[in-house]
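The values are calculated or read from the model by the stated rules, or taken from the named source; none is laboratory data. Bear in mind the structure is a predicted one, so any value in this text is a computation, not a measurement. When we count neighbours, we look across all protein chains shown, and the Cβ atoms used for this are built from the backbone with ideal geometry, even at glycine. Ligands, DNA and RNA are stripped out before the accessible areas are found, and what is left, the full protein with its side chains, is counted by its heavy atoms. Shrake-Rupley method; radii C 1.70, N 1.55, O 1.52, S 1.80 Å.
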Amino acid sequence: MASAVMFVGDLDRSVAFYQEFLGWEVTIHDESAALLVGPVGYQLYLRSMGENAQHPLGNIGIQYLIWTAQDEADLDRCEQALRKHSSQVTRRTVEGYSLVEGQGPDSVPVMVAYPGPAQAPRHEILQRIYQW
């Protein structure tokens, strides 16, 4: 995947969070949308839908993305960024990789893992996706 588009309630709040969480550069920011670009060109588009927008779980569409940290120190940095914004952050080790989960702005689940699937292939479905 090269890019993702996320609808958000408050654009500035979400830009600040994802910029800190991912460590990516904001390359475009206008009144209703922003583009964050990662070190190898991955892109996250954020589009403001207003504070009353909803993201109901269990409906059609992507529910959340799982990001990959660059290394263990980056995973720790991501966890600390999540803890600033979410009171419910968990960290667990599954099949040789660590997974940190919390909530970003708009109560959207945010997950980051290390190492990524290329270094630690996944052999089972995360139980997390069945918890709705």
If we keep only residues of the stretch 1-19 that are part of a strand (DSSP E or B), among the hydrophobic types (A, V, I, L, M, F, W, C) and over 12 Å from the mean Cα position of the chain (by Cα), then the residue farthest from HIS85 (Cα to Cα) is PHE7
Note on the stretch 36-55: residues open to solvent by less than 60 Å² (accessible area, probe 1.4 Å) and either of a type in the set (Gly, Ala, Ser) or farther than 15 Å from GLY104 by Cβ (or both) are VAL37, GLY38, GLY41, GLN43, SER48, GLY50, ALA53
Residue pairs within 7 Å by beta carbon, gap of at least six or interchain, first lying in the stretch 107-132 and farther than 14 Å from TRP67 by Cβ, second of a type in the set (Gly, Ala, Ser), listed first then second, are ALA120/GLY96; TRP132/GLY58
